[in-house]
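> Below you'll find the structure I mean.
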Amino acid sequence: MTEQYMPLLAESYTAYGKKSIYRSWLRQMRQSVIIDAEASLLSAIFHRLLQSLDSHVLWALFRASNPEILSGIVLPYENIAVIGQPRNWNYRPNNTITHTLVVPGHPQNNEEIVGQKVPQSIYRHLFIAKEYLRDLEILWTGVQSLRRQIDVLEHELIHSLDLSAPFYRTSTAETYHAFHSSLTSHGPFSVASATALVKIKRTLITSPPGSPISSMLKRVAQKASRMGHRVLLLHCGLDPSHIDHIYFPDLSWLVSHNLAPHSQVPTPYDHVIDLTDGFTADRTHLLPKIEKFLYLYADAYNQAWEDFSHLSDPCGRQSDPAEIEFWTQQILALDPFKNMT
C-alpha cells in the first residue's frame, strides 16, 4: 500500500517570519529541475505535470500565501524534484541543480509573485501565541502520569517500526522536511486533513493542548531513520522547531498529533490513541493555568488571523492551455523524465 499523491506546504508564515524549505528539497534530490517563470504559469504547468505523472508517487509543494498555487513537485522514489522560481524571488539554486528551464516573457508585478508584504504585527502576534504554547508545554512536563503514557506510546511506535522492514535499508535513510500548516487570509490552512492523507494508514494521537508530543515524535523519527526507514517530518506552521506529524513513505503510515488547528476527523480505519485520561488530579490542579494560557494563545493567534484577513490573495492571470502543454512537454523531455511517462 503506497500513497500516489500527497499535498505539502513548502513554506509557512511562522512565529519567526516566513520560512521555506525549497533549498532543502533541491539539496536532497538526486536530480532536480528549476523553472524560472511567473507564479500563475508555474502552478498551471505543475498541475498539468501531476496529470502526466499520475502513475508515479508524487508529493506536491504549495505556497503559503495561497495554498491553491503549486510551487513544486517531488517524486520521492525517483529522488527527483521540480521546483519553481518565480522571477524576482530572492532565491538562487545551488550546484545540485541538474537542469534549469527559463520561460520567457510575461511581465508581472511583484504583488502577484510574493503577495502583499506581511505586516510585522502578524509575526509579533504569532510569536506571542507560540510563547503561550511553550508555557503550556512547561506545565505538562511536571505531570509524571502523562510522561509515562508518552514513554509507553514511544516504545509502541518504535516496536511497530522494528516489525516493519523498510522498503530498502541504507546506512543513512532519507529524511525529508515540509510544513503541515500555515496562516492564510482564509485562516489556518492544514494539509493534514487532505483527502490523500485520509487514504493512508493513520495513527492519530489525542492529548491535552501543550503536551510534549512533538519531542517524542522527533525521537521516533530519529530512531526510525537509524533503522533504515525513510521519514517525512511535517513541521508546525507556528513553531517550526515542533514536529506535529511524521510520515513513513515506504509504510504509507502517518503518525499525527491530532490537535487543533490541525485536528482531523478519525475514520473507522484510523488507530486513535487518547492520552487525555489518567491524570485527573494533575489536571484539576493545573486547570486554571491551562485555561489562562489557552485563552491567551487563542487571543494572540486570532489577532494574527484578523490582521492577515485584510491582505489580498496573490492572483495570477489565466494561462494559455497550449502554452501550458508546450512547457509541460519541455520538462518531460528532460533527462530525469525520459522513459517515465
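The values are calculated or read from the model by the stated rules, or taken from the named source; none is laboratory data. Here the structure is a predicted model, which is why all the values come from computation and not from measurement. As a convention, Cβ positions derive from the backbone with ideal geometry for all residues, glycine included, and neighbour counts pool all protein chains shown.
> Could you list, in sequence order, all residues of the range 204-238 that are touching a residue at least 40 places away in the same chain (Cβ under 8 Å) and polar (S, T, N, Q)?
Scanning the range 204-238 gives Thr206, Ser207, Ser211, Ser214, Ser225.
> Scan the range 157-171 and give yes if some residue there is farther than 12 Å from Ala224 by Cα, modelled with pLDDT of 85 or more, surrounded by 14 or more Cβ atoms within 10 Å (Cβ to Cβ) and among the hydrophobic types (A, V, I, L, M, F, W, C), otherwise no.
No, that holds for no residue.
> Quick check, is Val57 hydrophobic (A, V, I, L, M, F, W, C) and at pLDDT 85 or above?
Numbers: hydrophobic (A, V, I, L, M, F, W, C): yes; at pLDDT 85 or above: yes.
Yes, satisfied.
> Select, from Ser256, Ser241, the only residue that is at pLDDT 90 or above, of a type in the set (S, T, N, Q), surrounded by fewer than 16 Cβ atoms within 10 Å (Cβ to Cβ) and under 24 Å from Ser20 (Cα atoms).
On the way: Ser256 fails: surrounded by fewer than 16 Cβ atoms within 10 Å (Cβ to Cβ).
Unique residue meeting the criteria: Ser241.
> Return the total of residues in the range 306-318 being modelled with pLDDT of 75 or more and of a type outside the set (D, E, K, R).
Final tally of qualifying residues: 4.
> A further question follows. Among the numbered criteria (1) closer than 26 Å to Thr141 by Cα; (2) surrounded by 22 or more Cβ atoms within 10 Å (Cβ to Cβ); (3) within 16 Å of the chain's Cα centre (by Cα), which single criterion is violated by Ile213?
Result: Ile213 passes all but (3).
> Output the qualifying pairs, or none if there are none: Cβ atoms under 7 angstrom, residues six or more apart or on different chains, first residue in the range 317-341 and more than 22 Å from Ala81 (Cβ to Cβ), second residue surrounded by fewer than 18 Cβ atoms within 10 Å (Cβ to Cβ) and among the acidic types (Asp, Glu).
none
> Can I ask one more? Does Gln330 fit the bill of being at pLDDT 90 or above, assigned by TED's automatic domain parsing to the domain that holds Pro188 and of a type outside the set (A, V, I, L, M, F, W, C)?
Considered against the rule, which asks whether it is at pLDDT 90 or above, assigned by TED's automatic domain parsing to the domain that holds Pro188 and of a type outside the set (A, V, I, L, M, F, W, C), Gln330 comes out as no.
> Any idea which of (1) surrounded by fewer than 22 Cβ atoms within 10 Å (Cβ to Cβ); (2) of a type outside the set (Lys, Arg); (3) touching a helix residue (DSSP H, G or I) at 6+ places or on another chain (Cβ under 6 Å); (4) at pLDDT 90 or above is the one Gln31 doesn't satisfy?
Here Gln31 clears every test but (4).
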